[in-house]
1. Loop-only check: which trypsin sites (Lys or Arg not before Pro) in the stretch 21-126 are DSSP coil with at most 13 other Cβ within 10 angstrom?
2. Evaluate 2.2 N^0.38 Å with N set to the residue count of the stretch 59-217, then give the Cα radius of gyration divided by it.
3. For the chain, what does the relative contact order come out to in percent, with C-alpha contacts under 8 Å and a separation of six or more?
4. Once Cα extents along the principal axes in Å is worked out from the coordinates, which option in (1) 118, 54, 42; (2) 69, 57, 41; (3) 72, 64, 46 does it equal?
5. What is the spin-label model distance, in nm, from residue 474 to residue 303 if the labels are put 7 Å beyond Cα along the C-beta direction?
6. Mind giving me the nanometre distance, one decimal, between the label points for residue 498 and residue 384, set 7 Å out from Cα along Cα→Cβ?
7. Net charge within 9 Å of residue 339 by Cβ-Cβ distance, Lys/Arg positive one each and Asp/Glu negative one each, not counting residue 339 itself?
8. In whole angstrom, how far apart do the alpha carbon centroids of the stretch 69-104 and the stretch 472-492 sit?
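The values are calculated or read from the model by the stated rules, or taken from the named source; none is laboratory data. Just so it is clear, the model here is predicted, and its values are computed rather than measured. Note that we place each Cβ from the backbone using ideal geometry, even for glycine, and neighbour counts take in every protein chain shown. Just the protein is used for accessible areas: all its heavy atoms, side chains included, with ligands, DNA and RNA removed. Shrake-Rupley method; radii C 1.70, N 1.55, O 1.52, S 1.80 Å.
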Amino acid sequence: MAHSRREQLNMSGILSTLIWLPVLGGLLVLAAGRWSTDNRREGLAYWLAISTAVATFVISLPLFTQFDTSTASMQFVERAPWIQVFKVEYFLGVDGLSMPLILLTTFLTPLVLLAAKNVIKDRPAQYLAAFLILEGLMIGVFSALDALLFYVFWEAMLIPMFVIIGVWGGERRIYATLKFFLYTFLGSVFMLVALIYLYLQAGSYSILDFHDLPLSQVEQTWIFLAFLAAFAVKVPMWPVHTWLPDAHVEAPTGGSVILAAVLLKMGGYGFIRFSLPITPDASRSLDLLMIGLSLVAVVYIGFVALAQKDMKKLIAYSSIAHMGFVILGFFIVWKILARTGVTDGAVMGMTGAMVQMISHGLISGALFFSIGVMYDRMHSRQIADYGGVINTMPKFAALIVFFALANAGLPGTSGFVGEFLVILAAFRADFWYAFFAATTLVLGAGYTLWMIKRVIFGAVANEKVAQLTDLNGREFFVLAVLAVFILGLGLWPAPLVDVLSASVEHLVNHITQSKL
């Protein structure tokens, strides 16, 4: 397929602005923080950071308002030579699969920075700067259409997250940071080898060229496994998931929010941008492996979450289970086609997986924000240290109960939509796939509501809980905004589904055509 049919050239520069504005803003905030340590200058750094993040979000809105939902072509494309000797380009563009993830990133970053006000007391300017730089790099990952440019953004974003956990994390932050970095970096090395091989075959680093590259079964299998090493760690899939609970427990609240809400989605995005379209035959031959690993994550990790005593670790394991749903929706395509012979069920499963990614970003972010609110007051994440919080924090209790019900997949919330679509698609493939997938509704309700029962309800457990104060205006605003979007997406998912529709159908049609 010619590039002219897959790209709609738009030289507005909006994607470059979204990448480099927060990076530049982060550097300015860093400079402002170094001028002086007095409160006035720290206030300048804070409002500069908030202004940059809000401006980035506002600038990102035309990606949605001007998006053409009728085509799977890349939109808002920017293309310029970069390293000409190796045919590397500065090549950006978005479709229905990447644009919602960019909006999720620009939406959550201002909330993370707002929540840090008066909470991060040690080097606050550096903290804010790290998140702004991380935001730009994450947007770069979702918008890069040159494979080498993608890899640069993919690896570069590890640096600010490494700093965020390593400097502002808990007591075991160094251990958690090194584990996070080594897992993700080593997995990415295999991806780099695969990208270089694809470049040698295609003669360019264009990801769109890789999609059309004819590859043998053996080539596809090795490339698929190389990509799997990188993307499975990032999701994370069982059994390479062990870095995530440690990273979440030690990370500051903002780090946990972005880690769960955006960074984990990069693994899922990698599968639909690289693994499935580049190696469709290997993806089909290894689909049972991927489905099996996904169901292990859904069922086994759900039981692991039930045993947790630390609230952050419980939600971290919940994230692994919910992301297992995403991978199931991506790789159940061929089982549905083999049984029904039509693509409708496959499109449904993949659409559900994408909705689940966006929904989980909102819900997990809200839950980590909520745990951060309690930790700021009690300096404890242990479930046993709480009890009866509803008596002293009624507004907070109402919101966290809502987020917990959304996490359990309550109809009317965003948590229900994606899971429902994936389970429906799984029924079209095999009853047992759907049965095991549906256990997440029971297990999710079990571990989430069990935590809520012991933390929120009942009599006041101790003197510390009795002295808790309810949400301040800033905290209420952050949690209320998330609640509105979780409810809105649950009641009216059509705008998101419309954005996804053409790109998902195109991807399903592409991967069902063998390259052999």
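1. Sites meeting the loop and neighbour criteria: 121.
2. For the stretch 59-217, the normalised Cα radius of gyration comes out at 1.20.
3. Reported relative contact order: 15 percent.
4. This structure yields the entry labelled (2).
5. Calculated label separation equals 4.4 nm.
6. The modelled label-to-label distance comes out at 5.3 nm.
7. Taking every Cβ under 9 Å from that of residue 339, the sum is +1.
8. Cα centres, the stretch 69-104 to the stretch 472-492: 31 Å.
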